[in-house]
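Before any comments, here is the structure.
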Amino acid sequence: MALNLMYITNKQDIAKIAEKNGVDWIFVDLEINGKEERQGHLDTVISHHRIEDVKKIKAVLTKTELIVRVNPIYEGSKDEIDKVIDYGADIVMLPFFKTKNEVKKFIEYVNGRCKVCLLLETPEAVENIDSILSVNGIDYVHIGLNDLHLGYKKKFMFELLSDGTVEKLCNKIRQKGITYGFGGIAQIGQGTLRAEKIIAEHYRLSSSMVILSRSFCNINKINNLKEVNKLFAEGVNNIRQFEKELVSKSREFFIENQRDVKRIVSEIVDNL
């Protein structure tokens with residue numbers, strides 16, 4: 001099992017580099033409604049991608065799939081989803097939903113024309129998870145740790161990994177036979193909670209999707225495409241090499257890693 005790697009960009013040259021180096025999904029992010037209020041005070045990415053970017057990115061991809069995050073359900077949702085699908089989205093992602101009805105409406109709007117991914121990132125959606133998962137037509141669920149930890153008033157997003165919330169959700173989604181993932185990772189050896197600790201947890205939880213975070217390759221800080229290419233080439237290769245090592249690890253290794261994650265997360269939270 002290799003993790004499905006996603007990278008958020010609306011720049012054609014970066015998308016081509018990511019594709020060439022083995023990124024599985026390029027992620028165009030149209031979500032803006034309500035995001036500034038929720039995350040404006042944090043050092044998070046609010047993308048400001050535009051709907052035309054879907055067409056632009058689709059035009060340069062040859063094998064990588066295009067995932068597009070639309071806005072949470074609102075009066076303009078149907079038009080937005082129609083346009084995104086017309087422009088070539090392979091997967092449409094619904095963020096910040098809370099109820100089964102929103103999910104149902106979303107799946108009706110998509111109407112089988114492409115794959116459906118839910119971004120599970122509200123405490124209400126966690127509460128309603130059983131009824132939400134009873135809806136037919138969900139292809140993927142990604143657990144969004146950023147908004148979800150804010151919703152639970154946690155200090156650090158990986159507290160949800162260490163306190164069992166992510167595991168509980170993964171178990172429920174797995175029982176439905178739906179592909180799932182959670183959170184994001186930096187380069188191997190980097191990150192407040194190091195990427196390899198998180199990847200080992202993905203393997204323990206049979207998760208198969210992860211976002212390459214802004215810190216994996218922050219193109220606002222690099223203006224040289226050769227440098228970007230090098231970062232992607234080495235970064236993706238390092239992840240794949242580490243995954244190969246994980247395949248032969250014992251159950252004890254993963255239990256030990258889980259203990260490490262709990263300890264490190266609690267140290268990080270104590271220092272915040």
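The values are calculated or read from the model by the stated rules, or taken from the named source; none is laboratory data. The structure presented is a predicted model; accordingly, all values stated were derived computationally and were not measured. In this analysis, Cβ positions are derived from the backbone assuming ideal geometry, glycine residues included, and neighbour counts consider all displayed protein chains.
For the range 104-153, the candidate set comprises residues that are touching a residue at least 60 places away in the same chain (Cβ under 8 Å) and more than 24 Å from residue 84 (Cα to Cα); within that set, the residue that is farthest from the chain's Cα centre (by Cα) is 150.
For the structure I just gave you, tell me whether residue 220 is surrounded by fewer than 19 Cβ atoms within 10 Å (Cβ to Cβ), closer than 26 Å to residue 69 by Cα, out of contact with any strand residue (DSSP E or B) (no Cβ under 9 Å at 6 or more places or on another chain) and not small (Gly, Ala, Ser). Against the criterion (surrounded by fewer than 19 Cβ atoms within 10 Å (Cβ to Cβ), closer than 26 Å to residue 69 by Cα, out of contact with any strand residue (DSSP E or B) (no Cβ under 9 Å at 6 or more places or on another chain) and not small (Gly, Ala, Ser)), residue 220 qualifies. Applying the selection to the range 55-85, what residues are over 23 Å from residue 24 (Cβ atoms) and of a type in the set (Asp, Glu)? Selection gives 75, 79, 80, 82.
At pLDDT below 95 and surrounded by 21 or more Cβ atoms within 10 Å (Cβ to Cβ): is that true of residue 170 in this structure? So residue 170 does not fit the description; no.
Note on the range 114-143: residues that are touching an Asp or Glu at 6+ places or on another chain (Cβ under 9 Å) and among the charged types (D, E, K, R) amount to 2. Checked against (1) crowded, with 23+ Cβ neighbours inside 10 Å; (2) under 23 Å from residue 244 (Cα atoms), residue 158 meets all criteria but (2). Candidates in the range 1-12 are the residues that are touching a helix residue (DSSP H, G or I) at 6+ places or on another chain (Cβ under 6 Å) and farther than 24 Å from residue 247 by Cβ; of these, the one that is surrounded by the most Cβ atoms within 10 Å (Cβ to Cβ) is 9.
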